[in-house]
Amino acid sequence: MFEISLHPVKDDVRQRAHLDNDAYLRLYRQSIEQPDAFWGEQARQLLDWSKPWDQVHSSDLSQGQAEWFKGGQLNVAHNCIDRHLAERGEQIAIIWEGDNPSESAHITYNKLHSHVSRLANVLKQRGVKKGDRVCIYMPMIPEAAYAMLACTRIGAVHSVVFGGFSPDALRDRILDADCRTVITADEGVRGGKYVPLKANVDKALQSCPAVSTVVVVERTQGEVAWVEGRDLWYHEALREVSGDCPAEPMDAEDPLFILYTSGSTGKPKGVLHSTGGYLLGAAMTHKYVFDYHEGDIYWCTADVGWVTGHSYIVYGPLANGATTLMFEGVPNYPDASRFWRVIDKHQVNIFYTAPTALRALMREGEDPVKQTDRSSLRLLGSVGEPINPEAWEWYYHVVGECRCPIVDTWWQTETGSILITPLPGATDLKPGSATRPFFGVQPVLLDDQGLEIDGPGAGVLAIKASWPSQIRSVYGDHQRMIDTYFKPYPGYYFTGDGARRDEDGYYWITGRVDDVINVSGHRIGTAEVESALVLHDAIAEAAVVGYPHDIKGQGIYAFVTPVIGAQLNDALKAELLALVSKEIGSFAKPELIQWAPGLPKTRSGKIMRRILRKIACNELDNMGDTSTLADPSVVDGLIDKRLNR
Ligand code: 6R9
């Protein structure tokens, strides 16, 4: 076992921070005992409202119901751009660092305002109205942020689809949200490779006849097909419209965006967030968790296609008038020093990344880090999956040179903003622990009976009271939100994660307790991969589980039952991988595929994944009870031929 050491808050960090431990404890108590006073005050301080709310909050978690700042009005683009112009119009809002290290750009708040207003006018001209859904399928370029903000300016609801998704996955998301407009680029560039985004959109749209507008940003000038009347170039369209577009006043509870995420069953869910509560959650956590101060250069390495990119590249930082860095590339291109060189080049103070990237870079040794200066760094963050203490210590000692606190932030697409996290000036750190709840958050651990566990212990992680940025609905299927998150433990929000609480009240997230696999911080539903695999004619059945992977956190292990007479060879495996890439995207390809003449099933026909998980993890000493299996002998056969030894 790796020895866990305590890292107390350093004096200089505490002195500079917004909040020390006393302030944290006092405010936390207030946020629980007098939530309306607390949140009302925060919402007034951090956001601009065009109309005050009638009621801070009302909620009933047993029904999944929550409303925040009802009756209040605000506009997200106004809060992220316009209100900053008088004071910081010429300050940099977005630093863009291209995939190619010689390419970068600086966008001021004035410029951001002009791009967003013009694009909003283009959308309006194409008939996009308040409440309409707009799909954004973009590489990591500033236009992705412009597109999101242009939607919010006119009250359209964006649905950003990660650029790594396949045309089929994109099609499903466009149809599910009934988007009529798509914003994309000719191609994306990552690690020197080109991603054919516009071609993917064209393929997806073959089955989306309702889409009448495709706005295309010119990124590479690569060749693209063109549908006259439907497609328009971003740079041409912007020239035709005025730079004046009033921000639409939105009700606090009006929908802001949809973001698809994987669960344990069925197709991905369109998680719906609303305007006021979400923006407050993003802005407030960005300020306190990253201890953001005016003038800081802040960099979150996520992709805008995931929730981390929404809340901590775009909305949180821009609401606070910060300078946010947007990186088009990957950590190891052109070499393993890239992150650290970007930090030096732009004098980054706050750096937020995922454990999977750290583990991959750790493998390259310390030299690529030590060749760089990094003295601008003040704070480090981690997100997306549990960070193992080894990676934490490496991040702390090698990257941060023992100077920078690490905030290990636990949250989810559904929570909208960070819920469990250290605060740099307040929280003594324990490597591998997300530590304590953020303001207003009441985590609980539940046992098998659904009863709260007191004191130290382990159980299912649930949240006991509403918080402003919580999920409001699953787009088009409100009942599914209730069934997934609020039915399993009535009166609580069910996270899908397991956790342990130690004697100091610190939380240690142990990973998903449902059938969701976290591969390099990407959430993948086993059901999605399984349905892709069984599309192949040679495959009768498939069961997919996760197993520990050194770099990715978890890898995907597929047990696949072929039809009788199928030729079992590498060519068939390659076809299966291609099928997963086509249906979902290449990030969801299984690492290991094992032919399984039979799967362990109960007499009622349910696959016992628990057993498959044990085999995939090579944990054979304790297989648990197999007596309920219809045919216990299939287990030995699978163990014999297991691929992860
Ligand atoms: C923000 C984000 C959510 C799932 C979540 C959990 C895992 C995220 C974590 C973490 C341990 C952390 N997760 N942060 N596990 N420690 N600091 O990643 O959203 O893509 O919806 O994933 O990621 O399992 O349930 P999302």
Open item on the list: Restricting things to Cα coordinates, could you compute the convex hull volume per residue of region 97-250 in Å³?
Closed with: 107
Task: Pairwise centroid distance, computed over Cα atoms, of region 533-550 with region 145-162, Å - done: 35
TODO: With only alpha-carbon atoms counted, please give the Rg and Dmax of region 520-641, in Å.
DONE: 14.1, 39
Open item on the list: List the chymotrypsin sites (Phe, Trp or Tyr not before Pro) within region 1-56 that DSSP assigns to loop and that have no more than 13 neighbouring Cβ atoms inside 10 Å.
Closed with: PHE2
TODO: Just rank HIS57, HIS106, fewest to most, by other beta-carbon atoms within 10 angstrom.
DONE: HIS106, HIS57
Open item on the list: Loop only by DSSP, 15 or fewer other Cβ within 10 Å of the Cβ. Give me the trypsin sites (Lys or Arg not before Pro) in region 553-625 that pass, ordered by residue number.
Closed with: ARG603, LYS606
Task: For region 510-522, 3J(HN,Hα) per residue [Karplus equation, 6.51 cos²θ - 1.76 cosθ + 1.60, θ = phi - 60°, Hz, x = Gly/Pro] - done: 9, x, 5, 9, 10, 8, 10, 10, 10, 9, 6, x, 8
- [ ] Would you mind checking which residues have amide H under 5 Å from ASN75's amide H? H placed 1.01 Å from N; only 5 or more apart, or other chain.
- [x] SER50, MET250
Open item on the list: Run through region 55-107 and list the GluC sites (Glu not before Pro) located in a DSSP loop whose Cβ has at most 14 other Cβ atoms within 10 Å.
Closed with: GLU90, GLU103
Task: Cα Rg over Rh - region 118-179, Kirkwood - done: 0.97
Task: Cβ-isolated cysteines (cut-off 4.7 Å), the chain - done: CYS80, CYS151, CYS208, CYS245, CYS300, CYS402, CYS404, CYS617
TODO: Treat the count of other C-beta atoms within 10 Å as a stand-in for reagent exposure and order CYS80, CYS135 from fewest to most.
DONE: CYS135, CYS80
Task: Semi-axes of the equivalent ellipsoid for region 444-521, Cα gyration tensor, largest first, Å - done: 23, 15, 12
Open item on the list: Amide H of THR108 versus every other amide H placed in the peptide plane: which residues, excluding those fewer than 5 positions away on the same chain, fall under 5 Å?
Closed with: ALA93
Task: Per-residue [θ]222 nm for the chain (sum of -39500 (n - 2.57) over DSSP H runs n ≥ 4, rounded to 500) - done: -8000 deg cm²/dmol
- [ ] Arrange the following residues from fewest to most other Cβ atoms within 10 Å of their Cβ: GLU328, GLU401.
- [x] GLU401, GLU328
Task: Projected area, mean over directions - the chain, Cα convex hull, nm² - done: 28.2
- [ ] Principal axes first, then extents: for the Cα atoms of region 1-47, list largest minus smallest coordinate on each axis, whole Å, largest first.
- [x] 44, 26, 19
Task: Projected label distance in nm at GLU90 and ARG29, using a 7 Å step from Cα toward the beta-carbon - done: 4.8
TODO: Would you please give the FRET efficiency between ASP504 and LYS464, computed as 1/(1 + (r/R0)^6) with r the Cβ-Cβ distance and R0 = 35 Å, to the nearest 0.05?
DONE: 0.95
Task: Compactness relative to 2.2 N^0.38 Å, alpha carbon Rg of region 229-318 - done: 1.38
TODO: Using θ = phi - 60° and the Karplus relation 6.51 cos²θ - 1.76 cosθ + 1.60, list the HN-Hα couplings for region 311-321 in order, rounded to whole Hz, with x at every Gly or Pro.
DONE: 7, 10, 9, 9, 6, x, x, 6, 4, 8, x
TODO: Would you please put 183-190, 126-133, 243-250, 385-392 in order of how densely packed they are, using the mean number of other Cβ atoms within 10 angstrom per residue and starting with the highest?
DONE: 183-190, 385-392, 243-250, 126-133
- [ ] Note down the nm distance, to one decimal, between modelled labels 7 Å out along Cα→Cβ at TRP233 and at GLN125.
- [x] 1.4
Open item on the list: If each residue of separation counts as 0.36 nm, what is the full-extension length gain between ASP367 and GLN449 once their alpha-carbon separation is subtracted?
Closed with: 24.4 nm
TODO: For every other residue with a beta carbon closer than 14 angstrom to the beta carbon of ASP54, add +1 if it is Lys or Arg and -1 if Asp or Glu, then tell me the sum.
DONE: -2
Task: Gain on full stretching of the segment that runs from ARG44 to ASP621 - 0.36 nm per residue minus C-alpha separation - done: 202.0 nm
TODO: Would you list which lysines come within 20 Å of LYS287, measuring only between C-alpha atoms, while excluding same-chain residues fewer than 8 positions from it?
DONE: LYS10
Task: Rounded to whole Hz, the Karplus (6.51, -1.76, 1.60) HN-Hα couplings of region 391-398, x for glycine and proline - done: 5, 4, 5, 5, 4, 5, 7, 7
Open item on the list: I want to check a number: in region 520-641, how many lysine pairs have alpha carbons closer than 18 Å, given a sequence separation of 8 or more or different chains?
Closed with: 7
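Read the figures in this text as sums done on the coordinates, not as results from a lab. Remember, predicted model here, so these are calculated numbers, not experimental data. Using ideal geometry, Cβ is built from the backbone for each residue, glycine included, and neighbour counts are taken over all protein chains shown.
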